[in-house]
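Step one of this worksheet: look at the structure below.
Please treat every number below as a calculation from the coordinates, not as lab data. Everything numeric in this text was worked out from a predicted model, so none of it was measured. In this analysis, Cβ positions are derived from the backbone assuming ideal geometry, glycine residues included, and neighbour counts consider all displayed protein chains.
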Amino acid sequence: MPMEAKRVVIKLRLLARIKCGKIYSYALIKEFEKSGFAKFYGPTLKNDTYNALKVLEKAGYIKLQAKMEGGKIKKYYTITKAGENTLKSVGKMMISTIKEANKLFE
C-alpha cells in the first residue's frame, strides 16, 4: 500500500478509536499491535502513530489532556467536535465511493 494511503488509514483509525474514549499514545500502539493492525501496517507504525497524532491535534481533530498518574504525566487524547464531524463525513464518503465502485463490477 502506498505510504500516503497508509497515512490516511492510520489517521482514520486513530480518530475512530479516540472517539470511543480517551486514551494515551502508548496504549493506542499496543491496541494496534494486539488487533493485528501492526502487521498489516508495517514497521513504521509506531513513528507514524506519533506523527499522525501531532497532525490530528494541530488540525483540531483531537485534543491533548495531561494528567498526573502514579507520579508520571500521561497525555490523553480525546476527539473534538471537528474530529467527530470529519470522521462522520469521511465515513459517508467512503460508503458512497464503495457503492459507486461496486456498480462498475455489476
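Without any contact (Cβ under 8 Å) to a residue 60 or more places away in the chain, outside any helix (DSSP H, G or I) and exposed (fewer than 14 other Cβ atoms within 10 Å of the Cβ): which single residue out of G21, G91 fits that description? Show your work before the answer.
Working: G91 fails: outside any helix (DSSP H, G or I).
Only one candidate qualifies: G21.
From L64, L12, L45, which residue is free of Cβ contacts under 8 Å to residues at least 40 places away in the same chain and within 13 Å of the chain's Cα centre (by Cα)?
L45 is the lone residue from the list that is free of Cβ contacts under 8 Å to residues at least 40 places away in the same chain and within 13 Å of the chain's Cα centre (by Cα).
Looking at the range 68-88 only, could you name the residues that are in a helix (DSSP H, G or I) and surrounded by 10 or more Cβ atoms within 10 Å (Cβ to Cβ)? Quick ask: steps written out before the conclusion?
Filtering the range 68-88 for residues in a helix (DSSP H, G or I) gives 81-88.
Of everything in the range 68-88, those that are in a helix (DSSP H, G or I) and surrounded by 10 or more Cβ atoms within 10 Å (Cβ to Cβ) turn out to be A82, G83, E84, N85, T86, L87, K88.
May I ask you to list the residues in the range 34-49 that are assigned to a helix (DSSP H, G or I) and either among the small types (G, A, S) or surrounded by fewer than 14 Cβ atoms within 10 Å (Cβ to Cβ) (or both)? Explain how you work it out, then say what you get.
Applying the first criterion (assigned to a helix (DSSP H, G or I)) to the range 34-49 yields 34-35, 37-41, 45-49.
Passing the criteria: K34, S35, A38, K39, F40, N47.
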